[in-house]
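Below is one structure, written out as structure tokens, with a few remarks after it.
Since every read-out is calculated from the coordinates, none of them should be taken as a lab result. Every value quoted in this text rests on a predicted model; they were computed, and no experiment measured them. Here the Cβ positions follow ideal geometry from the backbone for every residue, glycine too, while neighbour counts run over all protein chains shown.
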Amino acid sequence: MRGDRPPVTPVWFMRQAGRSLPEYNQARGNTTMLEACLTPELAAEITMQPVRRLGVDAAVFFSDIVVPLKLAGVGVEIAPGVGPVMDQPYRTPADIARLCEATLTDDALAPITEAVRLTVAELGATPLLGFAGAPFTLAAYLVEGRPSKDHMAARTLMHADPDSWARLLNWAADITGAFLAAQVRAGASAVQLFDSWVGSLSVADYTAHVAPASTRALTGVAKLGVPVVHFGTNTEHLLPAMRDVLLAAGVDAPVIGVDYRTPLDTAAAIVPGVPLQGNIDPAMLAAGWPALSAHVCDVLERGRQAPAHVANLGHGVPPETDPDVLKRVVELIHETTND
Ligand code: CP3
């Protein structure tokens, strides 16, 4: 991830831990998603499962982008099959001002720190990736109150009340930045900033109303010297601005995560000189081996246009995925690039 191309292309999968693994469903039992994230032994066990079964080159810390909100005392739950649901939408100046009084202390972060420590101890030489949600993606849930398609209320607030918007984004940056830094201090080797829904913005809105907060979220973790992957979906138009966020934060090993819509050679031309991560189409995982293997080889070939390539999906593992297929993809990537 530091920009040099290792002999064998490394691979991990977004959402590699989760419902596609029978041992995950068994370990979760009746525990709610957020309870599982905040139970260190369970979070560490779930983080380890895909490493054991799939042979991936990195573990991804089992948590969620809304965990730091929960730890700051915000009313949020993860509804199965739906996603994060807030106790209320946060849209008015008074609601946002009240929300932004919440802070995230080191004490509150203790379950995260503990889970990371347990995981790193068990992983040995395999790196652990930490992650957090970017301020816009968190704000999209806070302002809407629940998952939404086009994030209309959030995009409206940005222009209707720019002061409350900036206050909300800076607050989210500080909370999510503290969550990221805690994971690195406890032993994570690299982190990914997920701005999953940022593709709904124009370049102008992103640059003026969102990028400064993402930079703010990453400034602390950049000082810790770890590689940072910056990922969103539908972001072809935003890739240069997303790279600039990493550079402005002072990240010394920036990586851009590319979703499945943009071929990696196209992305390499848009952000030259930057290592890329991605971008196997999750839909191909169920398309049968001939189509999937041809697609994986095409992704690897296009990835050669970047200075370095971390193989991954172009978004998360679908819950219905056959884990044996994921394992076979890992083997194919390792064999194909071992030259
Ligand atoms: O292995 C990994 O990649 C780590 C696990 C991980 C989870 N959430 C666990 C999870 C990661 C990286 C996330 C990040 C996350 N959470 C994002 C950014 C990544 C992305 O997919 O774009 C977002 C937008 C969220 C918010 C969220 N949490 C959604 C949309 C959902 C899905 C709701 C559902 O049930 O389909 C969640 C819940 C969630 N987070 C699950 C997992 C494994 C499923 C819950 C379950 O198993 O009961």
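Given charges of +1 on the Cβ of Lys and Arg and -1 on the Cβ of Asp and Glu, with all other atoms neutral, how large is the dipole of segment 264-339 about its Cα centre, in debye to the nearest 20?
So the magnitude is around 180 debye.
Suppose only helical runs count, i.e. DSSP H with n ≥ 4. What mean residue ellipticity at 222 nm does that imply for the chain under -39500 (n - 2.57) per run, divided by all residues and rounded to the nearest 500 deg cm²/dmol?
So the helix-based figure for the chain works out to -14500 deg cm²/dmol.
Compute the semi-axes of the equivalent ellipsoid of the chain, taking the square root of 5 times each eigenvalue of the Cα gyration tensor, and list them largest first in whole Å.
They are 30, 23, 19 Å, listed from largest to smallest.
With all pairs of different alpha carbon atoms counted, what Kirkwood hydrodynamic radius in Å does segment 194-339 show?
One over the average 1/r among Cα pairs gives 15.9 Å for segment 194-339.
Suppose every K and R has +1 on its Cβ and every D and E has -1 on its Cβ; what is the size of the dipole of segment 11-71 about the Cα centre, in Debye to the nearest 20?
The dipole magnitude comes to about 160 debye.
Give a quick list of GluC sites (Glu not before Pro) in segment 290-339 that DSSP marks as loop, anything other than H, G, I, E or B, with at most 14 other Cβ atoms within 10 Å.
Passing both the DSSP loop test and the Cβ count: Glu320.
About its Cα centre, what dipole magnitude does the chain give when the only charges are +1 on Lys and Arg Cβ and -1 on Asp and Glu Cβ, stated in debye to the nearest 20?
That gives a dipole near 200 debye.
Could you check the simple spin-label distance between Lys327 and Ala248, using points 7 Å along Cα→Cβ, in nm with one decimal?
Between Lys327 and Ala248, the label points sit 4.5 nm apart.
Which listed residue (Thr39, His334, Ala287) has the Cα farthest towards the positive end of the charge dipole for the chain, taking +1 on Lys and Arg C-beta and -1 on Asp and Glu C-beta about the Cα centre?
Value computed over the given set: His334.
Kindly provide the trypsin sites (Lys or Arg not before Pro) of segment 1-83 that DSSP labels as loop, not H, G, I, E or B, and whose Cβ sees at most 16 other Cβ atoms within 10 Å.
For trypsin sites (Lys or Arg not before Pro) across segment 1-83 that sit outside H, G, I, E and B with at most 16 neighbouring Cβ atoms in 10 Å, the list reads Arg2, Arg19.
Kindly state, to the nearest 0.05, the FRET efficiency for Asp161 paired with Asn338, given R0 = 41 Å and r defined as their beta-carbon distance.
0.15
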